[in-house]
Amino acid sequence: MRRADIISGMVLIVFGLVMLFIVIPTQIDTAPDGFVSPSLVPNMMMILITFLAGLLIITTIRNKAKDTQEDTAPPISKAELLAFLKLGSVFAVALMLYLWVAPLAAGIAIIVGSLVALGERRPLIIIVMPTLILFGIWLLFYKLLGTAIV
Amino acid sequence: MDYLITGFSHVLNPITILWVTVGVTLGYVLGALPGLGKATGVAVAIPMTFYLDPVTAIAMLIGIAKGSGAGSAVSAILLNTPGEPSSAPTALDGYPLARQGKAQKALKMGLFASVIGDFISTLVLIVLAAPLARYALLIGPIELCAILLFSLTFIGGLAGKSLIKGLIAAAFGVFFATVGLETETFIPRLTFDILELDSGISLVPMAIGMLAIAEMIVQAGNMKKLDAETANMYSKGRKKEDNIVTASDWRRSLPAIFRGTLIGSIVGILPGLGASVGSFLSYGATKKASKTPEKFGTGMIEGIAAAESADNAVVPSSFIPLFALGIPGSVIAAILIAAFVLHGLTPGPQMFQKQPQMVADIYAAMLCASVILLAVGYAGQRLFSQIIRVPIRLIIPGVMFLCCIGAYMETSSVFSIYVMLFFTVIGFIARKLDFSFVTFLIGFVIGPNLELTFRQAIQILDQKAINLIHHPIAIIFIILTMVTVVWIARGSGSSKRAAKAAEVDKQTKTNKEGET
């Protein structure tokens, strides 16, 4: 985690400075006279984050402990990254279906897409699971609670 | 007291009990489904109560709130996906216990702690609503700002392994809470000309993304390991003690439950703090009071007891400012105002004079709901505990779908899904880099109140810190904040040293064994 802490500290410092000097001044107007500035708290938080990120780097470097397995191993494993990309793609497809086809198609895509992405290949499960979940949700919201989702 | 006895006679009839049971069951199921919390449950159920008499209707809605408060522990314990931020500390020890094959023990303790916290807090509401509300009036913006700052620092320091990272996460939470129209000048802040951001970032999709979807991605990445653990868990013979709360568990957990109930009741009375602050403060206090704080996060049953008792104690006590002053102490109390008004009860000091019997009926219904919650939860937990046997690849799609519905229903707009996905990415990175995403969420929840009270404090104090002299409660909390930072920083330093010493000790032993 040591290297990751230093890198994340550096990223946070850059982020904090960009927010302080570019984003906040352009995105928040000045207040009329007599009001507390609307950018006061966002600025304070960014100053705090930048300061703490610097402190994180310093304390990590000062920690002279030998590199252990945890220090050298990357914080995100290859399998986690792959899962992130697979499920991200499922959401991307579902969003496209929501916008261009119908919300129901998006719902089916999320369930079936993630089942397939996670390695499920049994046709019965792939058909029965979305059917049961969608039916259960319809029963709960449309019949029992008497409200619509869309 | 006479009113309360009459209240019980009004409530203890088959129709009202049936509707309270329906409410508690519905709330328990909604709470157990990741992504659907008590706010969603009560808001959705309000139209269902149109045709019920006022007491039955309000009792049913309170039953939903109580049921979902306890039910949210189910998904936190079994799936490590708390539907609400307030259940996040429950997952810290509940999920490891479930992975050790002690899901039923964890669920039972979660339920018992919830019911005890809820019941005692309801008694606090009944006995102390009016007198305590007068003291709540002593808490002005300056005092509240100091209390919020203290809570955030305390939670930031205890939630993760590093105080610095916890504070960074908390600061980010407050920062994101500033997005949207500023309340005094109505100047848009950090909205990037996106109309939906004018009303700020919605908590529900954000929490669902950070807590549930991000966790599902992490679990998808470790699917083989988790499924192997499950198979191993059930191939071994199971002990009876793994399914029940033993006398030793009770001995360890009772102090945590009473501490949690006290903390939850106090937090509920103070408007703006909320159940998340209560459960985390309670978890942190129990961890600090423990002789083995380093074992927290590995499956300590008192961790579940502390978090759940406080989480559920917040709900009834948050009605104290609502009933006595007309000020909602929590999101759920704010939603319930609509239901109260709809059924002819206007919350505020006058309701004790104008409708004392109806207030007593509601108190009686709340106590009945606590008992019904115990029965419903106990019957349901055996069924819910079977979820742990289901392979992860079959759980993830269902949870993701429910999360999308929960996020979507908040605004009935696809923008909520974008928000959910954005914060999924942040939650995933925060998890992997060990930044406390829960502290982030708590910072976000109390951020608007923190900012508002801070701005009011600046104006009240005339921008002079010396004027704080007239606010001793605020001074106490500012000092407590500073003491907490030093205490936690020193504590984490010494625990790191202890861990390092233990590692060196272990290495020496291994070397010696190698030599022999």
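The values are calculated or read from the model by the stated rules, or taken from the named source; none is laboratory data. As the structure is a prediction and not an experimental result, all values here were calculated from the model. So basically every Cβ, Gly included, is an ideal-geometry build from the backbone, and we count neighbours across all protein chains shown. Surface areas here come from the heavy atoms of the whole protein model, side chains and all, with no ligands, DNA or RNA. Shrake-Rupley method; radii C 1.70, N 1.55, O 1.52, S 1.80 Å.
When restricted to residues that are more than 7 Å from chain B (Cβ to nearest Cβ) and closer than 18 Å to B:Ala177 by Cα, region A:27-37 contains 1. A single member of A:Leu40, A:Leu99, A:Leu12 is at pLDDT 95 or above, out of contact with any Asp or Glu (no Cβ under 6 Å at 6 or more places or on another chain) and at the interface with chain B (Cβ under 9 Å from one of its Cβ atoms), and it is A:Leu12. For region A:109-131, the set of residues classified as part of a helix (DSSP H, G or I) and either charged (D, E, K, R) or at the interface with another protein chain (Cβ under 9 Å from one of its Cβ atoms) (or both) consists of A:Ile110, A:Ile111, A:Val112, A:Gly113, A:Ser114, A:Leu115, A:Ala117, A:Ile125, A:Met129, A:Pro130, listed by residue number. Considering only residues that are touching a residue at least 40 places away in the same chain (Cβ under 8 Å), open to solvent by 10 Å² or more (accessible area, probe 1.4 Å) and within 8 Å of chain A (Cβ to nearest Cβ), which ones fall in region B:176-197? The answer is B:Glu184, and nothing else.
Only one entry of B:Phe415, B:Phe423 meets the criterion of being open to solvent by less than 50 Å² (accessible area, probe 1.4 Å) and under 22 Å from the mean Cα position of the chain (by Cα), and that entry is B:Phe423.
Here's the yes/no breakdown for (1) free of Cβ contacts under 8 Å to residues at least 60 places away in the same chain; (2) closer than 29 Å to B:Met223 by Cβ; (3) surrounded by 24 or more Cβ atoms within 10 Å (Cβ to Cβ):
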{"residue": "B:Gln357", "(1), (2), (3)": "no, no, no"}
{"residue": "B:Leu367", "(1), (2), (3)": "no, no, no"}
{"residue": "B:Leu374", "(1), (2), (3)": "no, no, no"}
{"residue": "B:Gly380", "(1), (2), (3)": "no, yes, no"}
{"residue": "B:Pro391", "(1), (2), (3)": "no, yes, no"}
{"residue": "B:Leu394", "(1), (2), (3)": "yes, yes, no"}
{"residue": "B:Met400", "(1), (2), (3)": "no, yes, yes"}
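Here is a check on your reading of the model: is A:Ile6 over 26 Å from B:Thr185 (Cα atoms) and more than 7 Å from chain B (Cβ to nearest Cβ)? Taking the combined requirement at face value, the residue satisfies it.
With a requirement of 3 or more residues that are open to solvent by less than 80 Å² (accessible area, probe 1.4 Å) and farther than 30 Å from A:Ile133 by Cα, the helices (runs of 4 or more DSSP H) lying completely within region A:1-107 that satisfy it span A:2-18, A:24-27, A:40-62.
Please work out which residue is modelled with the highest pLDDT, limiting yourself to region B:462-487 and to residues that are surrounded by 14 or more Cβ atoms within 10 Å (Cβ to Cβ) and within 14 Å of chain A (Cβ to nearest Cβ). Checked region B:462-487; the qualifying residue modelled with the highest pLDDT is B:Thr481.
Checked against the criterion of being facing chain A (nearest Cβ under 10 Å), open to solvent by 50 Å² or more (accessible area, probe 1.4 Å) and modelled with pLDDT under 85, region B:198-212 contains not a single residue that satisfies it.
Among the residues of region B:444-490, those identified as closer than 21 Å to B:Glu184 by Cβ and not in a helix (DSSP H, G or I) are B:Leu461, B:Asp462, B:Gln463, B:Lys464.
With the structure loaded, tell me whether B:Ser121 is at pLDDT 80 or above, more than 11 Å from chain A (Cβ to nearest Cβ) and either farther than 30 Å from A:Thr26 by Cβ or outside any helix (DSSP H, G or I) (or both) or whether it fails that test. It is true that B:Ser121 is at pLDDT 80 or above, more than 11 Å from chain A (Cβ to nearest Cβ) and either farther than 30 Å from A:Thr26 by Cβ or outside any helix (DSSP H, G or I) (or both).
Residue-level check: of (1) assigned to a loop (DSSP other than H, G, I, E, B); (2) at pLDDT 85 or above, B:Thr81 misses just (2).
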